[in-house]
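Everything below concerns the one structure shown next.
Rule-based calculations on the coordinates, nothing more; no lab input. This is a predicted model, so every value here is computed, not measured. Counting neighbours? That spans all protein chains shown, and the Cβs are built from the backbone with ideal geometry, glycine included.
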Amino acid sequence: MNAEKAIVVGSGIAGLSTALRLVRRGYEVEILEKNSIPGGRMSLIEKDGFKFDTGPTFFSMSYEFKELAKDLDIELPFDLLELDPLYTVWYDQPGKRYTIYKDLEKLAKEFEEVEPGFKEKMKAYLESTAKLYNDTESLIIKKNFNSFTDYATTLMKVPMGHLPKLFRTFWKEVSRYFDSNDVREIVSLVSFFLGGTPFDTPSVFTMLSYTEFVYDGYYNVNGGMYRIVEGFVEILEANGVKIHYNTDITSVERNGRDIKTVIDSKGKKWTAGVFVINADAALFRGEVLGRRKFSEEKLDKKRWTMAPFSMYLGINKKLPELKMHNYFLRGNFKEYANSIYTSQASLEQAYYYVNVVSRLNTDAAPEGNESLYILCPVPDLRFKPDWSDKEEIADSIIDDLSRRTGYDLKNSIVSKTILSPVDWKDSFNLYRGSGLGLGHNMMQMGWFRPSNRDEKYENLFYAGSSTVPGTGVPMAIISSKLVSERIEKRYGSVLKDLHPGK
Ligand SMILES: Cc1cc2nc3c(=O)[nH]c(=O)nc-3n(C[C@H](O)[C@H](O)[C@H](O)COP(=O)(O)OP(=O)(O)OC[C@H]3O[C@@H](n4cnc5c(N)ncnc54)[C@H](O)[C@@H]3O)c2cc1C
């Protein structure tokens, strides 16, 4: 091993899991984090006796966590809880609600009236998504590419039958199987989880329907999502990793083709042999490294995932009518989805997601109370720079939710926190407040996504949403695997047994 010390800039889920893999490979690791707590977007708000997961509330591909545990040769420091049902979808018509199950028989019952023959259609759809997933997962998603030729020749190994999917949208693909708009909308909701819409997400991502409905489903963590962060930090600390909080990296010092130090906003220099940047891979290249290819002008032209508008409410009563994960849709799906990328989005007609945090995680609210997390996809700061109207937007969503559920929420709120895209941007250095980093169109995937290996500095690497393979919690875990493979290949490793933490 010729570089024993590694610095990871950022303690998001990709940063923490990269640090774990590097410690396992014998590296001495330090983490530098701009905020005062770890976790990045997977954060925690504790206020007025309530607790809320700040960003992710559930995830798919739980086997990526298991792969991580296997790689580290330890048990996961938290318990995975499979969601059943997966979620509930509310339309804006009295009583019109669908419960979404992984079990095909139960799911078919939900849709038998609106989509005759649903079961057979869904089977055919899922078969096609399974093929796509199996033909691409290890070949493309979990692979590092070293050149365009490498990427192109790998793509050529994907069976030709999938080729048309490169040129269709998610919506078009789903529409080939289903006639009902309700089914099309619900099956394509997963594209919002990627921070896009069914109308701009390539249909190759229909493979996520396979992970959603067949291969894995969705998971929560006993005690809330922040248990993942706490568990990882416990293991890191037990293995001597120090996390330096309130340390914002603003520049670097080079030494030929290597980075010598990263420098924080107070001027302190941090030295190591290897650096992994968990801050946004595109923004860091532009803002900190000053690369012209990633200038503000160039970044603004890229496709960014939509911005979050989120609310965390403490409610002084129980809300049994709401399920744990709820989507509130209405009749303007396409117009709303398309308007999220313009300043025209009518937020009085918002689509939103509601998570009753305290349903599973009972210590998230005092007895008889409920912790409510509401998330609404909105335009980023390029399209709507001014969010001084955030209280009014929040009120209109709360009014809508009250009307649709029959609860007088306004008069039951005892704690309220609102995060607009400005807050998200400032808290986690998210470009223009984009919630999930770079989007996933064909020109921002695979070889075309900012690489996890720096173009210029040989000891500089990246992990997280805006590098490969993409965004979301499981992808962050895969990105830690891909980057540690690169580092191990270049600098070697000496496998070390990890202390399992508490
Ligand atoms: C509202 C919302 C809801 C979501 N819901 C889900 C969900 O339900 N399921 C799912 O799978 N995914 C979800 N996601 C996506 C998921 O949260 C992210 O993909 C994932 O958490 C990103 O992890 P990361 O490590 O790549 O980045 P981050 O979590 O952003 O971590 C990067 C870290 O780097 C730090 N940092 C940045 N710049 C610097 C600097 N210059 N110096 C030092 N530190 C720096 C940041 O403070 C941060 O801690 C959601 C995202 C959002 C915003």
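Kindly identify the range 433-502 as rounded, prolate or oblate by the Cα gyration tensor criterion: order the square roots of the eigenvalues as a ≥ b ≥ c, call it rounded if a/c is under 1.5, otherwise compare a/b with b/c, prolate if a/b is larger, else oblate.
Oblate, because a/c is 1.5 or more while a/b does not exceed b/c.
Considering amide H positions built from the backbone, and no H for Pro or chain starts, which residues 5 or more places from Ser466, or on another chain, come under 5 Å of its amide H?
Answer set, sorted by chain and number: Ala281, Leu438.
Using θ = phi - 60° and the Karplus curve 6.51 cos²θ - 1.76 cosθ + 1.60, what whole-Hz ³J(HN,Hα) does each residue of the range 150-167 get, with Gly and Pro shown as x?
For the range 150-167, the Karplus-derived couplings read 4, 5, 5, 5, 5, 4, 5, 7, 6, x, 4, x, 7, 3, x, 5, 5, 10 Hz, x marking Gly and Pro.
Search the structure for amide H atoms under 5 Å from the amide H of Leu44, placed 1.01 Å from N in the peptide plane, and list their residues when 5 or more places away or on another chain.
Thr54
For the residue pair Asp84 and Ser493, what label-to-label distance in nm results when each label sits 7 Å from Cα along the Cα-to-beta-carbon direction?
3.5
Determine one quarter of the surface area of the Cα convex hull of the range 107-214, which equals its mean projected area, and express it in nm² to one decimal.
With the hull built on Cα positions only, its mean projection is 6.9 nm².
Which of the aspartates and glutamates could a cross-linker span from Lys34 if the Cα-Cα distance has to be under 20 Å and same-chain partners fewer than 8 positions apart are dropped?
Glu46, Asp53, Glu230, Glu234, Glu237, Asp248, Glu253, Asp264, Asp280, Glu287, Asp423, Asp426
Could you state the number of Å between the C-alpha centres of the range 1-31 and the range 238-254?
Measuring centre to centre over Cα atoms gives 11 Å.
Which FRET efficiency value, to the nearest 0.05, is calculated for Ile263 and Asn316 with the Förster distance at 56 angstrom and r the Cβ-Cβ distance?
0.70
Alpha carbon centre of the range 69-124 versus the range 334-390: separation in Å?
Each part's Cα centre sits 22 Å from the other's.
Quick check: Cα centre of the range 442-457 to Cα centre of the range 262-320, how many Å?
16
Could you pull out every residue, at least 5 positions away or on a different chain, whose amide H is within less than 5 Å of the one on Ser415? Hs are placed 1.01 Å off N in the peptide plane, and Pro or chain starts have none.
Here Gly314 satisfy the definition.
Rounded to the nearest 5, what % of the DSSP beta bridges within the chain are antiparallel ones?
Working: 47 of 66 bridges.
Antiparallel: roughly 70 percent of the beta bridges in the chain.
Given q = 0.16, 0.20, 0.27 Å⁻¹, what are the Debye log10 I(q)/I(0) values for the range 281-328, with equal point scatterers placed on the Cα positions and solvent ignored?
-0.63, -0.75, -1.07
Let me check I have the definition right: for the range 19-144, take the eigenvalues of the Cα gyration tensor, multiply each by 5, take square roots. What are those semi-axes in whole Å, largest first?
They are 37, 25, 12 Å, listed from largest to smallest.
Report, please, the projected area of the range 192-264 averaged over directions, based on the convex hull of its C-alpha atoms, in nm².
9.6
May I ask you to evaluate 6.51 cos²θ - 1.76 cosθ + 1.60, the Karplus curve with θ = phi - 60°, for each residue of the range 247-260 and list the ³J(HN,Hα) values in order in whole Hz, giving x for glycine and proline?
So the Karplus estimates, Gly and Pro as x, are 10, 9, 7, 10, 7, 9, 10, 10, 9, x, 8, 10, 8, 8 Hz.
Where in the range 396-502 are there GluC sites (Glu not before Pro) that are in a DSSP coil and have at most 15 other Cβ atoms within 10 angstrom of their Cβ?
The qualifying sites are Glu455, Glu458.
For the chain, go through all pairs of different Cα atoms, get the mean of 1/r, take its inverse, and jot down that Kirkwood value in Å. Please list the in-between numbers first.
Numbers: mean 1/r = 0.0428 Å⁻¹.
Computed over the chain, the radius equals 23.3 Å.
Note down, for the range 307-431, the three equivalent ellipsoid semi-axes (square root of 5 times each alpha carbon gyration tensor eigenvalue), biggest first, whole angstrom.
Output for the range 307-431: semi-axes of 25, 17, 12 Å.
If you plug each phi of the range 4-11 into the Karplus form 6.51 cos²θ - 1.76 cosθ + 1.60 with θ = phi - 60°, what whole-Hz ³J(HN,Hα) values come out, in order, with x for Gly and Pro?
Those phi angles translate into 8, 10, 10, 10, 10, 9, x, 10 Hz.
Can you show me the helix-derived [θ] at 222 nm for the chain, built from DSSP H runs with n ≥ 4 at -39,500 (n - 2.57) apiece and divided by the number of residues, rounded to the nearest 500. Display every interim value, and only then the final one.
On the way: 16 runs with 151 residues, N = 502.
Dividing the helical sum by the residues of the chain leaves -8500 deg cm²/dmol.
List the relative contact order of the chain as a percent without decimals, with contacts defined as Cα pairs under 8 Å and 6+ residues apart.
Computed value for the chain: 25 percent relative contact order.
Within the P(r) computed for the range 301-351, what percentage of the Cα pairs occupies the region above 14 Å?
67
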